[in-house]
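Structure record follows, encoded as C-alpha cells.
Throughout, read-outs are computed from the coordinates displayed, never taken from laboratory work. Note that the structure is predicted; figures quoted are calculated from it, not measured. Neighbour counts are summed over all protein chains in view; Cβ atoms, including those assigned to glycine, are modelled from backbone coordinates with ideal geometry.
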Amino acid sequence: MTAQTMEELVSLCKRRGFLFQSNDIYGGIKGLYDYGPMGVEFKNNLKQAWWKSMVYERDDTEGLDASILNSPVVLKHSGHEDTFTDPLVDCRACKSRWRADQLFENNKCPNCKSEDLTEPRPFNLMFKTAIGPVDDGSSFAYLRPETCQQIFTNFKNILDSTSRTVPFGIAQMGKAFRNEITPRNFIFRVREFEQMELEFFVKPGTDDEWHEYWINKRIEWWVNQGIKKENLKKIEVEKNELAHYSKRTVDINYVFPHGEEELEGVANRTDFDLGSHTKNQNDFKITSEVMKNSSSTTKLAVQDLEEKKWYIPYVIEPSAGVDRGVLALLNEAYREENVDKDNKRILLSLKPHLSPIKAAVIPLKKNNEELVNLSKEIKSNLQKLGLGRVVLENSGNIGKNYRRHDEIGTPICLTVDFETLEDESVTVRDRDTMKQERVSIENLSEYYKKYFN
Ligand code: ATP
C-alpha cells in the first residue's frame, strides 16, 4: 500500500517534522521547503546510500563536492545560457504565468479559464547573483542549474590527481537551482533542490552498452531502497524532446501520488560537455554539435595508449533528484492499518538504513533515575555502533511513543522496565509486526545490527 493522496504525505511530513514550507512565519515562498529534524536524517540517509553504492562499493569512481556558484562562461559553453528555457505564457485576464507545455486544456488559463494568453516565449530557468561588492551587472555568477558542469570542468584535475583511466566515473551530490515557472506537487517540482549525479566517462563506441548498464543499475538501486519494481517505469525520451546535449535519454519514472513523472534521468551526453569546454577543438573529431571557440585553456581529453591518439570520452549520466527520491520513498513506505476494531495506526515501513531514527529507548517510568540511567547507557552503546541516530524518549507514555515512532518509521522501540533491573533484558517492539520480545542487554548490539543486514 502507498499513500492515497499527496495530502496524507504533506500532513504526516508537517506533523512529524519531515518538511516545512520555507519562510513559513512570513507567509512562505513558493517552491522552497525546509527539512525538519526527521527530514534531514532521512534525506542524509538516502544520500549516504547513494554515495555508498556509487563511490564506496565501486572501484571505478571518485567523488567531488564543487562550488554552487558557476561562472557564466561555464554555462555559456554548456549551452545553458542559450537553451535552458521553458516556454512561458501570460494570462492577460488574471495576470498569472504558466508553462505553455503544462497547460491542461490547450490555450486556456488553468486559473481563470480565459483564452486570452500571450504567445509562448522562452524563459531562462537559471538564477543569477552578483559577485563582489558592486552590483553593476558586470560581475555575476549563476546558481548551478545542475550539479554536473563542475564535474566536467574538474575532469582534468581529477585525472591528474588520481590514477584513473577510462572507463571511470565522478560522483557528486548537492544543491541545484531552477527558477521553475510553476513549482508544484509538494517537493516534486521546487526551485531549490538536490541532485545525485554520476558522470561516467567511456570510450566512444562503448557508450550504448554502458548506457543500458546504468539504466538497469539505477532501477535496481531504487528497488533496493524500497520502491516496488512495478511502480517504476522506463520511458524512452522522444528524439524531439531530448535535451541539447543528449544522444539518448531514458527517464526512470515513478507513480507519484499526483501521477507518473520523472524520478531520475539516464542520459548519453556524448562528448558534448567535455568537447564544449575544450580549447583546441580542431584537434579532435567531436561527433556532437559543440560550442565553437571555447575560451577554456584546458584539453579535456584522454590518450588511447594502444592507438596513441587523444580522444574526448563520451559520458553517461544517471541524474537523480534527492527530493523526488524522498517523496517517492515516503509514498512507498506509507501504510494505514487497523490495529483492532477501534484503533488505526499510520506507519512508515521504511528500510532500516533509511529510517530517520534507528531505535528509540524508552524508560517505562518518566524521570525514574535507575530506569533513565540504564536507558541512557543502552542508547549510548547503540549509538556508538554508528548506524544512525538513536533516541532516548523520557516521556513515560509508551503508547504515544509507539505511535510517533511508527509514523516516522523507527524499526524498533526498546522499553526498559522494572524487570530489566532484575533480568538485564528489555522489551523490543518491531515496527512492522508490532511483535514484542525480550532481548538480553548483552545481546542487544547483535540483535540491533541484524536489522541493517
Ligand atoms: P522535469 O522534466 O521534471 O522538469 P528534467 O528532465 O528537467 O525534469 P533533469 O534536468 O534531467 O530534469 O534533472 C535530473 C533530476 O533532477 C530529475 O530527474 C529530477 O529528479 C531532479 N529535478 C529536476 N528539476 C527538479 C525540480 N524543479 N525540483 C525537484 N527535482 C528536480
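Against the chain, whose longest principal axis is taken from its Cα atoms, helix 398-408 shows a tilt of about 10°.
Against the main long axis of the alpha-carbon atoms of the chain, helix 369-384 sits at an angle near 30°. Per-residue extension of 0.36 nm, minus the Cα-Cα distance of SER71 and LYS309, leaves a gain of 82.6 nm for this segment.
Taken one residue at a time, the phi angles of segment 234-250 give Karplus couplings (6.51, -1.76, 1.60, θ = phi - 60°) of 8, 10, 6, 6, 4, 3, 6, 10, 5, 5, 4, 9, 9, 8, 7, 10, 10 Hz. Gly and Pro are set to x. The shape of the chain can be summarised by an equivalent ellipsoid whose semi-axes, obtained from the alpha carbon gyration tensor, come to 45, 29, 20 Å from longest to shortest.
List the chymotrypsin sites (Phe, Trp or Tyr not before Pro) within segment 34-122 that fall in a DSSP loop (any state other than H, G, I, E or B) and whose Cβ has at most 12 other Cβ atoms within 10 Å. Those satisfying the criteria are PHE104.
Take the convex hull of the alpha carbons in segment 72-191; its mean projected area over all directions comes to 11.1 nm². Using a ≥ b ≥ c from the Cα gyration tensor of segment 327-425 (square roots of the eigenvalues), is it rounded, prolate or oblate, where a/c under 1.5 gives rounded and otherwise the larger of a/b and b/c decides, a/b for prolate? Here segment 327-425 falls in the oblate category.
Amide H contacts for GLU194 (H built 1.01 Å from N in the peptide plane; partners 5 or more residues away or on another chain; cut-off under 5 Å): ALA176, VAL322, ASP323. Helix 207-225 axis versus longest C-alpha principal axis of the chain: approximately 20°, rounded to the nearest ten.
Using the Karplus relation 6.51 cos²θ - 1.76 cosθ + 1.60 with θ = phi - 60°, the per-residue 3J(HN,Hα) values for segment 122-129 come to x, 10, 6, 8, 7, 8, 10, 9 Hz, with x marking Gly and Pro.
Placing pseudo-labels 7 Å out from each Cα toward the beta carbon at SER114 and TYR213 gives an inter-label distance of 5.6 nm. The modelled label-to-label distance between ASP82 and LEU125, using points 7 Å beyond Cα along the C-beta direction, is 1.9 nm.
In terms of distances greater than 27 angstrom between alpha carbons, the cross-link table entries LYS76/LYS233; LYS30/LYS400; LYS47/LYS228; LYS217/LYS309; LYS239/LYS308; LYS14/LYS113 yield LYS76/LYS233; LYS30/LYS400; LYS217/LYS309; LYS239/LYS308; LYS14/LYS113.
Projected label points at ASN106 and LEU392, each 7 Å from Cα along the beta carbon direction, are separated by 6.7 nanometres.
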